[in-house]
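Below you'll find the structure, written out as C-alpha cells, and then a few comments.
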Amino acid sequence: MSGSGSVGAPAAAGSGTQGPVRELWPADLVYDGLGRPRRDAAVLVQTRPEPARVVTIGRLDALRAQDPGVPVRSPRRVIAPPPVNAHTHLDLSRMPLSPGGYVDFVGAVIAHARAGGRGLEAAERGLAELAEAGVDTVGDIVTDERVLARLLSHERLRGVAYWEVLGADPDEADALFEATVDVVRRFRPLERPGGVRLGLSPHTPHTVSAPLLRKLAAFARAEGLPLQIHVGEDPGELPLHRTGDGPLREAWGPFLSKFRPSGRTPVGYLDELGVLAARPTLVHAVHVVDDDIRRLQRVGCAVVHCPRSNALLGSGTFPWAAYARHGVSVGLGTDSRGSSPSLSPVDEWRAAVAIHGAAADPAQLLWAAVKGGHRALGTQPPRVVRGSPADALMSWPEGGPWPPAAAAAPAGADAPPGADAGSVGDVRGGPD
Ligand code: ZN
C-alpha cells in the first residue's frame, strides 16, 4: 500500500541533543483506540531516549499552549492504530479486478477457480499485501485447507479464518454439515492464543440451504465459533427471498431450484432460522430495510462495509446514516482483489469518505476502520495511552477527498457510530 506507515520515523528536530526530547505530531484526526477519534488533535511524543513513546494526546492548540517551544511536525491526515481488514478472500488475490454486476462477478470467481487461480500461492500474495498495508488483523474467507493451516499458524496475524460453506440443496445439508464439523475438529487444534481463530462462513442465505444454515448456526453457538455471512449485497436478494422471483432466480434457476422464499427479507429469514442468535457478522448488508437494522442492533450483530467492492459491482450504496442512527457497530473490509483494487483498509476508508460525503462523518468512518473491525472479529482493540510505544500508531496517507468539516465529534464515551445520532444526515432504508 502506498504512503501509510509508522509515524515513528527519525525526527530532525531535537536530534543530537541530550536528555528527553519531545515533539508534537498533529493530524486532522487522531485516534487512540479509546473513545472517539479527535479532530485537530496531536500526539505529544517523547522521541528521545528511544524508543519513542506517547506522552499524551489532546487538542493541538492546547498542547502547543502548554509547551510553546516544542517542535511540531508537518500535519498528517490521520494518526491512528493500524486499521482492520474485516472481510476479504485472500485466496482470490490473483484474480483480476472484475467490474460488472453481482451475477457476472460470481461467474468470474467460478471461472477463476476452475482455471486454478485460487489457493495458497494467491493467499500468500494477499498476506504480503496486508503486511505492506500495516494490517495485522483480518477476517478472511477460506476455501482451501492449506490456507486455513497457514492462517491459523501465522505468527503475527490475528483475526478470524472463516471456513466457507456453500450448498443450496437441502438434501445435501447433512453431508455438508458433517464435512464442516470434520474440518473444525481437525483444524481447531492449530488455534493459538492471540492468533487467528477458526470461524465459519455460510456463504449467503440463498446459496446455503435452510437446514444447513440452522445446523451451522447451532454448531457455531455450541462451539463458540465466530460466523460471517454475505447478505444484502445485491438488490436481487430481496425479491428472491420475498417472492422467489427476480434477477437471481432468472440467472441461477437450476442452482436455486430448491430455494423456497420465506416472504421475509434476507436478514429476517436469518433471524427466523436462528442464525442471528449466533451473532454472525454480516458482510455488505446494503439492501436492508429499517426493521432489519433495528433487528441487528437488538441482537448485537456487527456489519462489515465494503464500499469499493459495492461501487465496482454496482451493488448500491450502504445506508451508513441508518446504521449510525440505530447504533449498529460497523467495520470496514475490502472484499477480494476481484472486486477491490487493494487489500488496504486505509484505501477503503478514503473511498468510504468520498462515497458517503456529507452522509458520514470521517471520524466515524475512522472508528469503523479500527475499532469497528475489531468488534466485528472479536479481537482486542488497541489502546494507545501514556507510555505506549509511538510505533503503535500509524500515519495514514495524505491527499484524497476530504469533505467540508462536519460538526466535530467530541472525544468521550466509547460508542459505535450511532451514539451521536443527531449529527447524521438523511436515513435511507433499502429498497422495499
Ligand atoms: Zn466477500
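Quick notes
- Residue that is surrounded by the fewest Cβ atoms within 10 Å (Cβ to Cβ), among those in the stretch 31-90 that are within 16 Å of the ligand (Cβ to nearest atom) and polar (S, T, N, Q): Thr88
- Looking only at residues of the stretch 356-388 that are more than 16 Å from the chain's Cα centre (by Cα) and among the β-branched types (Val, Ile, Thr), we find that the one that is nearest to Arg325 (Cα to Cα) is Val384.
- There is no residue in the stretch 126-137 that is buried (at least 17 other Cβ atoms within 10 Å of the Cβ) and more than 24 Å from the chain's Cα centre (by Cα).
- The stretch 173-218, residues that are in a helix (DSSP H, G or I), within 16 Å of Asp271 (Cα to Cα) and over 24 Å from the mean Cα position of the chain (by Cα): Ala210, Pro211, Leu212, Arg214, Lys215, Ala218
- When residues in the stretch 199-231 are screened for being farther than 12 Å from Glu164 by Cβ and hydrophobic (A, V, I, L, M, F, W, C), 10 of them pass.
- Criterion violated by Ala131 - all others in (1) at pLDDT 95 or above; (2) assigned to a helix (DSSP H, G or I); (3) closer than 18 Å to Leu92 by Cβ satisfied: (1)
- No other residue among Ala352, Ala311 is in a helix (DSSP H, G or I), modelled with pLDDT of 95 or more, surrounded by fewer than 24 Cβ atoms within 10 Å (Cβ to Cβ) and not hydroxyl-bearing (Ser, Thr, Tyr) apart from Ala311.
- Among residues of the stretch 94-120 that are in the same structural domain as Glu250 (by TED's automatic domain parsing) and surrounded by 13 or more Cβ atoms within 10 Å (Cβ to Cβ), those with a beta-carbon under 8 Å from a residue that is acidic (Asp, Glu) and part of a helix (DSSP H, G or I) at least six positions away or on a different chain give the pairs Arg94/Glu121; Ser98/Asp104; Arg118/Asp91; Gly119/Asp91; Leu120/Asp91.
- Top-ranked residue of the stretch 219-235 - restricted to ones that are part of a loop (DSSP other than H, G, I, E, B) and surrounded by fewer than 22 Cβ atoms within 10 Å (Cβ to Cβ), ranked as farthest from the ligand (Cβ to nearest atom): Gly224
- Candidates in the stretch 332-346 are the residues that are surrounded by fewer than 24 Cβ atoms within 10 Å (Cβ to Cβ) and more than 14 Å from Val138 (Cβ to Cβ); of these, the one that is farthest from the ligand (Cβ to nearest atom) is Pro341.
- Some residue of the stretch 257-279 being over 19 Å from the mean Cα position of the chain (by Cα), within 16 Å of the ligand (Cβ to nearest atom) and within 30 Å of Arg350 (Cβ to Cβ): yes
- Hits in the stretch 238-261 (condition: surrounded by fewer than 18 Cβ atoms within 10 Å (Cβ to Cβ) and either under 26 Å from Pro226 (Cβ atoms) or in contact with an Asp or Glu (Cβ under 7 Å, 6 or more places away or on another chain) (or both)): Pro239, Lys258
- Residue within the stretch 88-101 that is at pLDDT below 95, of a type outside the set (A, V, I, L, M) and under 26 Å from Lys258 (Cβ atoms) present: yes
- The condition of being acidic (Asp, Glu), in the same structural domain as Glu132 (by TED's automatic domain parsing) and not in a helix (DSSP H, G or I) holds for only one of Asp291, Asp335, that being Asp335.
- Hey, Arg221 basic (Lys, Arg) and closer than 21 Å to Tyr102 by Cβ or not: no
- Between Ala324, Ala311, the distinction of being within 15 Å of the ligand (Cβ to nearest atom) and more than 15 Å from the chain's Cα centre (by Cα) belongs to Ala311 only.
- Candidates are the residues of the stretch 186-205 that are touching a helix residue (DSSP H, G or I) at 6+ places or on another chain (Cβ under 6 Å) and within 16 Å of the ligand (Cβ to nearest atom); the one that is nearest to His374 (Cα to Cα) is Leu200.
The values are calculated or read from the model by the stated rules, or taken from the named source; none is laboratory data. In this text the structure is predicted, and so the values were computed from the model without any measurement. In this analysis, Cβ positions are derived from the backbone assuming ideal geometry, glycine residues included, and neighbour counts consider all displayed protein chains.
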